[in-house]
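Encoded as structure tokens, the structure appears first; notes follow it.
The values are calculated or read from the model by the stated rules, or taken from the named source; none is laboratory data. What you are looking at is a predicted structure, and each value in this text was computed from that prediction instead of being measured. Here the Cβ positions follow ideal geometry from the backbone for every residue, glycine too, while neighbour counts run over all protein chains shown.
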Ligand code: NAP
């Protein structure tokens, strides 16, 4: 498998060219090495990409769904044939473990396959008429869609937007995060090789405030599909409101995990570790607030701390590694600052709370899995997303108490429940404000199951059959079957 970086070109409306914007350096945060420097998109590159997309989209949108589906299937096959290459590029770009980036690449292939199938099998509606006419409701592409993605799972986030948007007949202009632009460019090469018509996909690396903003405000962009932080999402929503443009927002989280005393504690501990510390906690759905029923609190937390201290922190290419480097030294600095805030609030750091001591890891942005106790749910540490390997643990008294504490937060993305009382699990699942609830498991995904958040975690849903419709507009058609003039319009 090729382990070299490509040239510095970006993909502007089907053409590989040097971007005319500021250069973007990609680093391997696990050891600080420079991966490569690519060119960034300029305002003119954005205009060129939009012009080419406008030229290409009508013919693509006019294809039959099964014809578009066949291209998506070839993209899926192209991803599947290049899992190792994609995983390597993404691990170098984000410092995620190869185990994880392989899984993300596999899921991206599945996403293209799924939306090919959805496009090909999505029915149009013949609705019930109330007169002598036929009524139907059909779906049309929106036109040009901007996709803006974060650095934490780039290939999966990209696929989750590009696949349904293309399947629905649109052109897509993708702006990847500045810390992780490389894998999106790999995906563009695969799409091109798969025969995606030129102009339908652009990958425009560049700063969010410049390139991202240009896309959001551009009059020819019909929708923005955004995944990222809540503050950015809010800014985008304002810009979208000015244009009266639909926007979907997949934002941050501070997801509660609830442990009842009757749970299987081994299952719960394994699920909690995976839920917060996999991806080094850099996951929107990380189970970062842990509520444990008071009767088992001391014992359970002690066991959890022991299990956390046994996690293997290491190089992302070491198959034994469970917790790898954070994406960037700046991001580690932000996590460190949060742990200092927690200490200042009176939090007790039960484990971690420091950089990795292993001399082999000193050049990287590693941070130890951290558990903090002794804080109230109203503390800043319990309220704000840290986006790192930091878990805060709190006791609760009973079902009503834990529902109230879980919901007392601006976010509403995900929740985990650990209990062997299935009626209670269902009750609590329904009472929690969250887009996804996992019962006796955590952080499991299926492309056929809708995903999204409420409150500060965003609006709109991705995935599932309805995921296609998020990139289409609905049109109703009435056709007269009577051949008679309307009785109201009488004239001599
Ligand atoms: P971010 O800072 O909001 O950036 C996300 C994307 O938006 C990047 O491509 C960024 O470009 C761009 N951007 C920044 N400012 C912009 C602006 N004014 N206009 C247009 N685009 C702009 O988020 P992040 O730090 O990359 O990602 C972490 C966040 O994403 C966390 O809050 C996490 O919870 C959330 N997330 C949510 C989900 C979900 O499905 N709910 C999934 C994954 C991650 P630059 O990189 O150039 O700044």
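Quick notes
- Flag for residue 415 being assigned to a helix (DSSP H, G or I), in the same structural domain as residue 289 (by TED's automatic domain parsing) and in contact (Cβ under 8 Å) with a residue 12 or more places away in the chain: no
- Search result, residues across the range 328-352 that are in contact (Cβ under 8 Å) with a residue 12 or more places away in the chain and in a helix (DSSP H, G or I): 329, 331, 332, 334, 335, 336, 338, 339, 341, 342
- Here 473, 490 are screened, and the one residue that is more than 24 Å from residue 120 (Cβ to Cβ) and outside the structural domain of residue 283 (by TED's automatic domain parsing) is 490.
- Residue match in the range 353-375 (condition: part of a loop (DSSP other than H, G, I, E, B), more than 28 Å from the chain's Cα centre (by Cα) and closer than 18 Å to residue 259 by Cβ): yes
- Flag set for residue 298, criterion: away from the ligand (no atom under 16 Å from the Cβ), out of contact with any helix residue (DSSP H, G or I) (no Cβ under 9 Å at 6 or more places or on another chain) and at pLDDT 95 or above.
- When the residues of the range 387-412 are filtered to those that are under 21 Å from residue 270 (Cα atoms), assigned to a loop (DSSP other than H, G, I, E, B) and in contact with a strand residue (DSSP E or B) (Cβ under 9 Å, 6 or more places away or on another chain), the one that is farthest from the ligand (Cβ to nearest atom) is 389.
- Looking only at the range 413-424, and only at residues there that are more than 17 Å from residue 284 (Cα to Cα) and touching a strand residue (DSSP E or B) at 6+ places or on another chain (Cβ under 9 Å), the one that is surrounded by the fewest Cβ atoms within 10 Å (Cβ to Cβ): 422
- Residue match in the range 126-145 (condition: within 16 Å of the ligand (Cβ to nearest atom), touching a residue at least 24 places away in the same chain (Cβ under 8 Å) and more than 30 Å from residue 323 (Cα to Cα)): yes
- Scope the range 425-444; condition surrounded by 15 or more Cβ atoms within 10 Å (Cβ to Cβ), within 23 Å of residue 269 (Cβ to Cβ) and either in contact (Cβ under 8 Å) with a residue 40 or more places away in the chain or within 16 Å of the ligand (Cβ to nearest atom) (or both); matching residues: 428, 432, 434, 436, 437, 438, 440, 442, 443
- With respect to (1) buried (at least 24 other Cβ atoms within 10 Å of the Cβ); (2) near the ligand (Cβ under 8 Å from one of its atoms); (3) outside any loop (DSSP other than H, G, I, E, B), the lone exception for residue 162 is condition (2).
- The range 140-151, subset within 14 Å of the chain's Cα centre (by Cα) and buried (at least 24 other Cβ atoms within 10 Å of the Cβ), residue farthest from residue 95 (Cα to Cα): 147
- Checking 231, 264 one by one, the residue that is out of contact with any helix residue (DSSP H, G or I) (no Cβ under 9 Å at 6 or more places or on another chain) and assigned by TED's automatic domain parsing to the domain that holds residue 432 is 264 and no other.
Okay, residues lined up against (1) within 16 Å of the ligand (Cβ to nearest atom); (2) buried (at least 18 other Cβ atoms within 10 Å of the Cβ); (3) at pLDDT 95 or above:
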position	(1), (2), (3)
284	yes, yes, yes
287	yes, yes, yes
291	no, yes, yes
320	no, no, yes
326	yes, yes, yes
334	yes, no, yes
341	no, no, yes
346	no, no, yes
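- Filtered residue count, the range 281-309, keeping only those that are farther than 24 Å from residue 230 by Cα and in a helix (DSSP H, G or I): 16
- Remark: pairs (first residue in the range 455-468, under 10 Å from residue 164 (Cα atoms); second residue more than 10 Å from the ligand (Cβ to nearest atom) and assigned to a strand (DSSP E or B); Cβ separation under 6 Å; 6+ apart in sequence or on different chains) are absent.
- In the range 165-189, the residue that is farthest from residue 33 (Cα to Cα) out of those that are in a strand (DSSP E or B) and within 16 Å of the ligand (Cβ to nearest atom) is 172.
- Selection from the range 429-457 of residues that are in a strand (DSSP E or B) and more than 12 Å from residue 285 (Cβ to Cβ): 439, 454, 455
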